[in-house]
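Inspection log for the structure reproduced underneath, given as structure tokens.
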Amino acid sequence: MTDTNSGAETNADVQAVDQLHKQYLQITERMGGVIVGQEEVIEQLLAALLCRGHCILEGVPGLAKTLMVSTLSSLLNQTFRRIQFTPDLMPADITGTDILEEDRTTGKRVFRFVQGPLFGNMILADEINRTPPKTQSALLEAMQERQLTVGGQTYPLPNPFLVLATQNPIEQEGTYPLPEAQLDRFMLKIQVDYPTRDQEITITKRGSTAYHYETGHILTAEQILAMQDLVRRLPVGDHVYAFAVDLVRRSRPNRPSNGDFINEMVTWGAGPRACIFLVLAAKARAILQGRYHATTEDIAAMALPVLRHRLIPSFHAEAAGQNSDYIIQQLLADSTGQRPAAPPAVPRTGIPAPPRIQNALSNLKKG
């Protein structure tokens, strides 16, 4: 009887995966009517939603990050809230506060809680690094516990709940960088890059004409919650777990089993939470692509967004113009026995280093 029930549940899950894959194709098609390109970013956003995770989107202004999130929330029929983080933003401005008002029936004054913008399904925390740590930390309980405590009273947040924070990588003056402990709360750090030339021509045509596209709704909150449970039930082989754990463990310096490359290039490696998020993200990616099992290829595909904000490059790595993305790619290459070529020395500004500095770095590597 138990085997029969288990087989029926498995068949139902397989059908649910097929249905989700079809809905994912519909979502990407309709997103394409508003957002040009960025298919990988959209896939990663949906993967985080299915895993009950949160994301940081990093990219220069004007890449349609806000439009992308608002369009996605519309397709999923979710409540969208946008919070513009500024230096004068206070915690009560995002969580809500108690106000004193008079009860007309009794004449007594009572406190009534007014919900802040965090009480929504999809929260866009725009330029989160522009607000002080006191306000940044107000997001911690909401992200981790999915509830808020105000005035000694706890209020549950809507379900599903997804925080999407944006950062501007080119303006660092007057900002408050997120501490590593809070960065680790975000499941993915997604890089939003410039469009291609053809994509930019399409964007320009749409933005300079009366172009309009109706997206409609595809999923409901109940369907999203069922899909989130489906991700947890997706089977994963032991070798996939081992691949994810070994990849994360190789990112930690000062370990006897790790080579000199990590010891020189990394100050702090990823923690156990990265292993959990890697497997969950791989599961979500497999489901979105219509597969009922996660593979090591899914782990490798999600390694960059899961790990890039959990590795702290050393001074030696920064001096050589190598960021966390390059280090992760090196780790992935080591797992297959192929080592990528070292990139040219380019400082953070994107301007090539002077010849004397490039020569000095070259001698440093040889030494």
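So the values come out like this:
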{"item": "Selected from TYR213, TYR241, TYR194 as most flexible by GNM, with the chain as the system and alpha-carbon contacts under 10 Å", "result": "TYR213"}
{"item": "Of ARG206, ARG232, ARG112, the one that fluctuates the most in a GNM where the chain has Cα springs shorter than 10 Å", "result": "ARG112"}
{"item": "For VAL150, distant residues with modelled amide H under 5 Å away", "result": "TYR155"}
{"item": "Computed [θ] at 222 nm, deg cm²/dmol, the chain (DSSP H ≥ 4; -39,500 (n - 2.57); rounded to nearest 500)", "result": "-14000 deg cm²/dmol"}
{"item": "GluC sites (Glu not before Pro) within the range 238-340, DSSP loop, no more than 15 other Cβ atoms inside 10 Å", "result": "none"}
{"item": "FRET efficiency, 1/(1 + (r/R0)^6) with R0 22 Å, evaluated for THR154 and GLU222 via beta carbons", "result": "0.35"}
{"item": "For the range 223-288 versus the range 51-120, the gap between their alpha-carbon centres in whole angstrom", "result": "31 Å"}
{"item": "Charge dipole (debye, nearest 20) of the range 106-211; +1 at Cβ of Lys and Arg, -1 at Cβ of Asp and Glu", "result": "640 debye"}
{"item": "At R0 = 30 Å, FRET efficiency that the Cβ-Cβ distance of ASP246 and PHE315 yields, to 0.05", "result": "0.65"}
{"item": "Proxy reagent accessibility, fewest Cβ within 10 Å first, across THR295, THR71, THR220, THR135", "result": "THR220, THR295, THR71, THR135"}
{"item": "For the range 213-223, 3J(HN,Hα) per residue [Karplus equation, 6.51 cos²θ - 1.76 cosθ + 1.60, θ = phi - 60°, Hz, x = Gly/Pro]", "result": "9, 8, 8, x, 10, 10, 10, 10, 4, 5, 5"}
{"item": "Segment HIS293-TYR213, length gained on full extension (0.36 nm per residue, minus Cα span)", "result": "25.3 nm"}
{"item": "Long-range HN-HN contacts of LEU162 with modeled amide H, under 5 Å", "result": "MET122, ILE123"}
{"item": "Cα-Cα over 26 Å, subset of LYS134/LYS283; LYS108/LYS134; LYS189/LYS283", "result": "LYS134/LYS283; LYS108/LYS134"}
{"item": "The range 106-123 - phi-based ³J(HN,Hα) in whole Hz, Karplus 6.51/-1.76/1.60, Gly and Pro as x", "result": "10, x, 8, 9, 10, 8, 10, 7, 9, 5, x, x, 5, 7, x, 7, 10, 10"}
{"item": "Long-range HN-HN contacts of VAL266 with modeled amide H, under 5 Å", "result": "SER314"}
{"item": "Label-point separation, ASP184 to ALA12 (7 Å along Cα→Cβ), nm", "result": "3.8 nm"}
{"item": "With Cα atoms, 0 to 90° folded angle of helix 39-50 axis to the chain main axis", "result": "50 degrees"}
{"item": "Ranking of SER257, SER137, SER73, SER314 by count of other Cβ atoms within 10 Å, fewest first", "result": "SER257, SER137, SER314, SER73"}
{"item": "The range 16-209, relative contact order in percent, only Cα pairs under 8 angstrom and at least six apart counted", "result": "30 percent"}
{"item": "Per-residue ³J(HN,Hα) for the range 296-311, Karplus 6.51 cos²θ - 1.76 cosθ + 1.60, θ = phi - 60°, Hz, x for Gly and Pro", "result": "5, 5, 5, 4, 5, 5, 9, 5, 4, x, 7, 9, 4, 9, 10, 9"}
{"item": "Sequence of VAL245, VAL240 once ranked by neighbouring C-beta atoms within 10 Å, starting from the fewest", "result": "VAL245, VAL240"}
{"item": "Mean separation of Cα contacts under 8 Å (6+ apart) over length of the chain, as relative contact order %", "result": "19 percent"}
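Read-outs throughout are calculated quantities, based only on the coordinates presented, and are distinct from any laboratory measurement. Everything numeric here is computed off the predicted structure, so don't read it as measured data. Counting neighbours? That spans all protein chains shown, and the Cβs are built from the backbone with ideal geometry, glycine included.
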